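The block underneath contains the structure these notes are about, expressed in structure tokens.
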Amino acid sequence: MLIFGFTFADLLGRAKAKWQIACGMLGIAGMFLTVMWLETGSLLHIESQLLIPMMMIQLVFPILIYFVEKSKNLQSELAEVNTQLVQQEERQRIARDLHDTIGHTLMMIKVKTELTTKLIDRDPTSVKQELNDILSTTRTALKQVRELVSDMNFISLQTELVHCQQLLRSANITTTLSNHYPNTVLSSVEETMLALCVREATTNILKHSKAKNCRITIQCQNGQYTLAIKDDGIGLQNKGFGNGINSMQERMHVLQGYALFEGDTTTGTSVLFSIPIQNGKEPPT
């Protein structure tokens with residue numbers, strides 16, 4: 001009776017409706033009272049007095065289970081609400097960034113286009129300059145879009161360098177990092193693009209180079225931020241420019257930079273990524 005009572009009380013506490021719990025509690029009390037009356041003929045018998053505390057515990061047990069389950073459900077609902085609030089806040093941030101950056105740039109393109117339309121007949125010589133301005137503004141808008149996207153999927157260059165060092169060392173490739181300008185400020189899109197290029201170059205070293213040593217060097221010279229990766233492996237071996245190399249070149253082209261690749265069977269492979277340093281971000285000499 002006691003085992004059945006506690007099992008039933010546990011299941012009863014997980015019921016959805018309060019009236020179900022109340023009916024179950026009445027059933028537990030009725031079970032105890034019926035057994036005590038049939039066995040002893042009196043509710044005041046000594047054996048009955050021993051069972052009464054057990055009955056009280058079993059009556060309280062469903063209530064405790066009910067409030068514990070209710071607390072868990074409330075915590076789950078609260079976590080869901082917090083997630084929705086975070087998502088809403090992120091959507092508002094994206095909308096604000098789009099309005100403050102892309103909206104302003106698109107408005108300038110609209111004004112410039114209207115002005116160019118008026119100048120076609122009156123002053124054709126000025127049209128070319130206005131079209132160049134529109135093209136420049138369009139490039140600015142495209143860069144702003146890329147920066148917004150990169151902010152949503154930001155990859156830290158420093159974190160990626162550390163991760164790549166760990167991967168190379170795990171493959172028994174001795175890796176040396178020389179960062180001569182660790183405090184150089186890069187935009188989020190520049191840092192993300194460089195981190196992706198470093199990741200791709202590291203993957204190529206692990207897959208194809210058969211290298212024993214690798215050196216990563218970061219420098220700033222003549223207004224250019226350069227990141228060089230050199231290994232002592234077997235070189236490119238006429239493998240040509242695959243998708244990985246093409247994607248690295250495209251990323252650098254987006255940043256108005258370039259990527260150089262040199263592979264020789266005797267000296268290994270050298271990869272150089274270079275992007276211009278934006279005004280106001282030059283490191284101290």
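The values are calculated or read from the model by the stated rules, or taken from the named source; none is laboratory data. This one's a predicted model, so the numbers in the text were calculated from it and none came from an experiment. Neighbour counts run over all protein chains shown; Cβ positions are idealised from the backbone, glycine included.
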Among the residues listed as L186, L206, L227, L236, the single one being at pLDDT below 85 and within 17 Å of L168 (Cβ to Cβ)
L206
Does the stretch 174-189 include one or more residues that are part of a helix (DSSP H, G or I) and at negative phi?
yes
Could you say whether any residue in the stretch 243-253 is outside any helix (DSSP H, G or I) and either modelled with pLDDT of 85 or more or among the aromatic types (F, W, Y) (or both)?
no
Which of the residues spanning the stretch 12-29 are surrounded by 12 or more Cβ atoms within 10 Å (Cβ to Cβ) and under 15 Å from I65 (Cα atoms)?
L12, G13, R14, A15, Q20, I21, A22, G24, M25
